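Single-structure report; data block below.
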Amino acid sequence: MAIIRVALDVPVDCLFDYLAPDANLTDIGLRVRVPFGSRQMLGIIMSVCEATQVTHEKLKYAGQIYRDTLPLPPALLELFRFCNHYYHHPIGQVVMNSLPALLRQSRQATEQAIKQPVQSLEWVLTDAGKAITVSDIPAKSVAKRRLLTFLQENEKVTAEDLKQMTAHTRKLLQTFEILGWVKKQVAIISEAHPTKASAPTPTPEQAHAISAILAETSMFVPWLLQGITGSGKTEVYLQIAASLLAQQKQILILVPEINLTPQLETVFKKRFPATPLISLHSGLTDRERLQGWLQAQRGKTGIILGTRLAIFTPLLNLGLIIVDEEQDHSFKQQDGLRYSARDLAIYRAKQADIPIILGSATPSLESYHHALTGRYRLLRLHSRAVSGASLPEIHCIDLRLTKMTREGLSEPLLTALQHALSHKQQSLVFINRRGYAPVLLCKSCSWTATCTRCSSRLVIHLQDRQLRCHYCGHQQPISPACPQCGDQDILPFGQGTQRVESALYHHFPEARILRVDRDSIRRRHTWRSVLEAVHNREVDILVGTQLLAKGHDFPNLALVCVLNADASLYSTDFRAEEQLFAQLIQVAGRAGRADTPGTVLIQTEFPQHPLYRALLKQDYDAHARLLLQERKSAGFPPFICQAVLRAEAATIADALEFLNQATEAAATSEQIAHIQLFDPVPAHMVRLKGRERAQLLVQSHSRKYLQTFLSNWYKYLTSLPARGKVRWHLDVDPLTL
Ligand code: ADP
Ligand code: ZN
Ligand code: ZN
């Protein structure tokens, strides 16, 4: 009797076996209801087999197998297994958490809206299948010979053909699929094309990039498309997409932030009005996400646009992956399965044997390094796409030489804003800190308002008269006097977006000012309205955080002012400089996008810092090479592979004790000669949400040794008796230490 092996959302790294009399190989990837302990759970059938290690008495019967959706394709199941091994996260949690919430429930997948998946499938003969000679198949395997002959004559078996076939032949088709002789794919019914936005003539650089990529679309090629801001990377994506969509391929586009999807969505919809497009991101309702997901799986969509979680969309006809702004840290999930969607995108492209484009003005040092060493192929766009548009001029305002207002605005900056206002040009004031001021300080005794649950300061939100912790969400009213010495002279210190906004109102009472940060943007509708207001020139000065820096095209923006960039210059995080450079290039890139030439002013106390010097020249390459040199001599990624074991407990002592135990075990590992094991240390921010945290870094020059080491270590750590008080996780390729 068939045994099914099921992935369940439990924190144990194994599959669970059940008896399933009616299961067969075609059920792999389907949802199933099974008894687990005293409850019923929903899981995914990962494999179907004849035997199990589970003793007969313990083996239970599976409940219903839901055949109302297509099974998850084998490639996706393989991706899950890869995540399980690479990130050391329980397989069941990998699988179940990548599914839309509604598919995790024991119900039919609300099929009212979503019917008839099966007809649209077809099985196409692969090159391997074409290479088989029928006469090599034993003469007694009549059905096998007949099916292969049919395939070689017709190239494929359609859903219609399938209906005519016997159960035996259908099963054979499954075998052929496992052998790699046929490939299952979705038959796309082409629709009539209504009028669409016409494509501009590509610039010579764009044309070169497009033809290079299109020359090799039927194999894995990782491209790094490095184009300055405004160079028209999107147009390159569009023209390549056009060609692949014409070949009935699906295109997966990953973007870092939810607020970048509406804009790209519009662009792609306009260019390809007849091509079904879905957007997958965390801002959707469960139902919307399910519908999009199922549509994608059925091949009903040609374009799938989404944030990192879209990497887990089942796609049978995938022809191209694009990762826009590939350097963005949002591609890395920071809890649960700590995956990098960019890295998984590379995996998926390799798996599907298709090209992948990583696009950026300031590639991550990892990707840039791969391009320099030839692992990725590099394509460059050096000039802006719109004729006449040039890169903005960047200047530093030396804060040691100029007067500043109390809100941190220098005179040259105010003058420039005034100038832009009187010329009816838009400006953007960028400060990467929301709230009114980051510190509430007592002048007499130096007391500052801190969070009781985190090692952080409370941020002043003056409008709501509240102090807020940006880490745990704790808030309390602003106290009228210092709780330590009773002095009433307690003052906000430093600047946040709200303070800059009110200072600007004061200086430019006639200006129309719009603040954009996480407090002012709660929904994507508001985000759309911001974009509209800016495009319709209903705003003179935008004040905002990095929300505004990314990817948006603001054609009338002439001036960008950057406040407080110095804060990340001397950070303990070795990636801070890389990130700051990328962020400043991006925010600078918002200026002067069409016929309006742009100016960027950066207030700094360190105008001689190499980062600003490279920035003034807008020389990403020089700066990236410098940083790579530094990383190499310091032994940091990408010259080494890292993982970090983090632990948290009520007290730091408990967390450290756990890590010490982990260290002892690691020291006896067979791979230890190839592993560098650091001492457990308290986390940079020790307290978070009332818990205390410590971490332990391990690294190796060899990915292979690191992975073997981590697998064994992970097994050991999970085998330790559960300690209610310590929670821990592994983070492979961590972005923050
Ligand atoms: P990037 O993403 O590289 O920063 P965009 O793709 O946003 O740049 O392009 C910047 C602007 O240039 C957009 O307004 C786009 O419509 C325009 N553009 C791109 N390619 C061309 C082209 N070949 N001819 C004219 N305009 C173009
Ligand atoms: Zn005081
Ligand atoms: Zn807090």
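Listing for the model above:
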| read-out | value |
| --- | --- |
| Taking the range 12-99 and dividing mean pair separation by its residue count, relative contact order in percent (alpha carbons under 8 Å, at least six apart) | 37 |
| Cα centroid separation, the range 1-41 to the range 317-344 (Å) | 29 |
| Value of Rg to Rh for the range 163-306 (Rh from inverse mean 1/r over Cα pairs, i.e. Kirkwood) | 1.03 |
| ILE137 paired with ARG107, simple spin-label distance in nm, labels 7 Å along Cα-to-beta-carbon | 4.4 |
| Entries of LYS184/LYS249; LYS350/LYS704; LYS350/LYS632 with Cα pairs more than 21 Å apart | LYS350/LYS632 |
| Pairwise centroid distance, computed over Cα atoms, of the range 658-737 with the range 227-291, Å | 39 |
| Exposure ranking of MET685, MET1 by accessible area [1.4 Å probe, largest first] | MET1, MET685 |
| Cα-projected label distance for ARG67 with THR415, points at 7 Å along beta-carbon direction, nm | 7.9 |
| Additional length obtainable on full extension of the chain from PHE150 to VAL439, 0.36 nm per residue less Cα span | 96.5 nm |
| Extended-chain gain in nm, criterion 0.36 nm per residue less alpha-carbon gap, TYR505 and HIS208 | 102.2 nm |
| Over the range 593-737, relative contact order from alpha-carbon pairs under 8 Å, at least 6 apart, % | 29 |
| Relative contact order [Cα under 8 Å, 6+ residues apart], the chain, whole percent | 10 |
| Rounded to 10°, Cα long-axis angle of helix 142-154 versus longest principal axis of the chain | 50 |
| Structure-based [θ]222 nm, the chain - -39500 (n - 2.57) summed over DSSP H runs of at least 4, per residue, nearest 500 | -9500 deg cm²/dmol |
| Anisotropy class of the range 497-537 from Cα gyration tensor, a/c 1.5 cut | oblate |
| Those residues of the range 307-348 whose amide nitrogen sits under 19 Å from the label point placed on THR158, 7 Å along Cα→Cβ | 317 |
| Protein accessible area in the chain, 1.4 Å probe - carbon and sulfur % | 52 |
| Theoretical FRET efficiency, 1/(1+(r/R0)^6), r = Cβ-Cβ of ASP621 and ARG512, R0 41 Å, to 0.05 | 0.55 |
| Difference of contour (0.36 nm per residue) and Cα-Cα distance, GLU532 to THR651 | 37.9 nm |
| Cβ-derived FRET efficiency at R0 30 Å, GLU257 paired with LYS424, nearest 0.05 | 0.50 |
| Over the chain: Kirkwood hydrodynamic radius from C-alpha pairwise inverse distances, Å | 28.7 |
| The range 425-468 and the range 527-601: distance between their alpha carbon centers, rounded to Å | 22 |
| Modelled FRET efficiency - R0 60 Å, SER243 with GLU57, Cβ distances, 0.05 increments | 0.50 |
| Distance (nanometres) between label positions extended 7 Å along Cα→Cβ at MET1 and ARG613 | 7.6 |
| Subset of LYS424/LYS617; LYS140/LYS183; LYS156/LYS300; LYS269/LYS300; LYS60/LYS171; LYS270/LYS550 violating a 23 Å alpha-carbon distance limit | LYS424/LYS617; LYS140/LYS183; LYS60/LYS171 |
| Accessible area in square angstrom per residue, the chain, 1.4 angstrom probe | 45 |
| Amide H contacts under 5 Å for ALA683, placed H, 5+ residues apart | ARG693, ALA694, GLN695 |
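The values are calculated or read from the model by the stated rules, or taken from the named source; none is laboratory data. In this text, all values refer to a predicted model and were calculated from it rather than measured experimentally. Counting neighbours? That spans all protein chains shown, and the Cβs are built from the backbone with ideal geometry, glycine included. Surface accessibility is based on the protein's heavy atoms, side chains included, excluding ligands, DNA and RNA. Shrake-Rupley method; radii C 1.70, N 1.55, O 1.52, S 1.80 Å.
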